[in-house]
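The values are calculated or read from the model by the stated rules, or taken from the named source; none is laboratory data. Please read these numbers as outputs of a predicted model, since none were measured by experiment. Cβ coordinates were reconstructed from backbone atoms using ideal geometry, including for glycine residues, and neighbour counts include every protein chain displayed. SASA here: full protein model, heavy atoms, side chains in, ligands and nucleic acids out. Shrake-Rupley method; radii C 1.70, N 1.55, O 1.52, S 1.80 Å.
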Amino acid sequence: MKTIYLDNNATTCPSSEVVAAMMESLTQCWANPSSIHRLGQTVHQRLDLARESASKLIGCKSRDLLFTSGGTEAANLAIVGSLQQQPDRTVIVTTRTEHSAVREMALAQAMRGVEVIWLPMDINGVVDCDALSELLRSRAGDIALVSIMRANNETGVIQPIEDIGLLCREHEVRFHSDAVQWVGKLPIDVKQLPVDLLSFSAHKFHGPKGAGGLYIRRGVRLTAQIVGGPHERQRRGGTENVPGLLGMGIAAELATQWLATEQWKTMESWRDAFEQAVVEAAGNAAVNSSGATRVWNTSNIGFNRLEAEAILLMLSERGVCASAGAACSSGSLDPSPVLMAMGIPAAQAHGSVRFSLCRETKKAELDEAVGIVTEVVTKLRSTMTTV
Ligand code: PLP
């Protein structure tokens, strides 16, 4: 059976060039990059090149990019490293629609006495900047970090991080943005953005899992969370994940090339057409966050009064891979906490399915998926009425 993979916000397929670079790393370029002999130094140079490629993708200098094991570690470090570095600031400001890498770490810090302030948002999941502005006016001196994602993993909603960052700057408060669902899909230049910290992950742009990065603006200090050798300029101990990071370097180069084609503009219209066709054909369905600007690849459709789990299983039987909410929470029967926090009614949140494209997605696959989704939803609705 043919597979139509529409779960790219969970992970993307590594490009063949990435796999080749990783294989070469495992078979030939395997020495320890900290070793002073020729083999070690060759690997060291290759890592430098990978860091340059990843830095270029986000617009920073190589020395301002810290390699991590992915988005979760980068976000965790931004939060805990900022709290520990500024002991007289004991407040974290974030939202309930953040990925669990931020949300759960904020909750873990709350258990240790940190005050977590959850910003309000509208029905589309866009953060209320006026509320942030008011908060900063009264509490700026207490806040260790504001952490707001660039793009939401479930809905694709884009947060106004330009405005948020400027507010933070005005009040001299650090700002971290989780850009895991943005980097590699849309252009970004951290030089032009008022962010202090920005995290990303290779497996969301056709790189390997277990590799990512944290951009750290010059002068921003973080307390290291993985302590060991002097790796990553004393900021993260441990021998580097050489195959993963070399794979990420190649993935970053390929993403930079693809972004220059601006093909996402066409693909956004494919996503819009897909949504429109599904909503029309399936009936009693709505696109979550349709009132806000979203990343071109993400579509989250709520099929009222159906269970997402049932839809996903039937889609899977017919070769369509999609998901409900974040990959790390699949298996849970609760509706997505992100959609619930946005104020989406439970009957819609329960039946919400995320379809996410990648740069390799074909228009014909989307057209075929419309038919399959419609068939599944119609079938489930007919069972409902006969029960
Ligand atoms: N942040 C967002 C928005 C994500 O979508 C993800 C992964 O799904 C992460 C963070 C975590 O990244 P990683 O899987 O590299 O730890």
Next on the checklist: Expected output is a single nm value to one decimal: the length gained when fully extending between residue 209 and residue 221, i.e. 0.36 nm times separation in residues minus the C-alpha distance. What is it?
Outcome noted: 1.6 nm
Checklist outcome for this item: In the chain, whole DSSP H helices that both stretch 24 Å or further along their axis by alpha carbon positions and average at least -0.5 on the Kyte-Doolittle scale are 38-58, 242-261, 264-282, 363-386
Checklist entry - Leaving out ligands, DNA and RNA, what percent of the accessible area of segment 262-383 is carbon and sulfur, probe 1.4 Å? => result 55 percent
Item to check | Inter-probe distance in nm under a simple model that places probes 7 Å from Cα toward Cβ, at residue 118 and residue 309 | outcome: 2.3 nm
Next on the checklist: Would segment 1-100 count as rounded, prolate or oblate if I go by the C-alpha gyration tensor, calling it rounded below 1.5 in a/c and otherwise prolate when a/b exceeds b/c, oblate otherwise?
Outcome noted: oblate
Checklist entry - Under a 1.4 Å probe, what is the accessible area of the chain per residue, stated in Å²? => result 42 Å²
Checklist outcome for this item: Per the charge dipole of segment 39-146 (beta-carbon charges, Lys/Arg positive, Asp/Glu negative, Cα centre), the residue among 119, 80, 43 reaching farthest to the positive end is 43
Checklist entry - Could the peptides 76-87, 43-54 be put in order, highest first, of the mean number of other beta-carbon atoms found within 10 Å of their residues? => result 76-87, 43-54
Next on the checklist: Can you tell me how segment 139-295 classifies by the Cα gyration tensor, rounded, prolate or oblate, using a/c under 1.5 as the rounded cut?
Outcome noted: oblate
Next on the checklist: Restricting to bridges with both residues inside segment 16-258, how much of the DSSP beta-bridge set is antiparallel, in percent to the nearest 5?
Outcome noted: 45 percent
Checklist entry - If each of residue 273 and residue 233 carries a label point 7 Å out from its Cα toward its Cβ, how far apart are those two points in nm? => result 4.7 nm
Checklist outcome for this item: Here the tail fraction of P(r) beyond 39 Å, over all Cα-Cα pairs of the chain, rounds in percent to 19 percent
Checklist entry - So which of 61/362; 204/362; 191/363; 204/265 end up more than 24 Å apart, counting from Cα to Cα? => result 61/362; 191/363
Next on the checklist: Can you return the aspartates and glutamates within cross-link range of residue 379? Criterion is Cα-Cα under 20 Å, with same-chain partners fewer than 8 residues away left out.
Outcome noted: 275, 280, 307, 309, 317, 367, 368
Checklist outcome for this item: Burial-style ranking of 246-255, 229-238, average other-beta-carbon count within 10 Å with highest first, yields 246-255, 229-238
Item to check | segment 16-258, accessible surface, carbon-and-sulfur percent (1.4 angstrom probe) | outcome: 53 percent
Item to check | Selection from 31, 283, 303 lying farthest towards where the dipole of the chain points positive, charges on Cβ | outcome: 31
Checklist outcome for this item: Taking only the alpha-carbon atoms of segment 262-383, the convex hull volume per residue, in cubic angstrom, is 106 Å³
Item to check | Packing rank of 105-116, 199-210, where each peptide gets the mean count of other beta carbons within 10 Å, highest leading | outcome: 199-210, 105-116
Checklist outcome for this item: Note on the chain: contact order normalised by length, alpha-carbon pairs under 8 Å, 6 or more apart, percent, works out to 23 percent
Checklist entry - Within segment 337-376, what residues put their amide N at less than 15 Å from the label point 7 Å along the Cα-to-Cβ vector of residue 131? => result 338-344
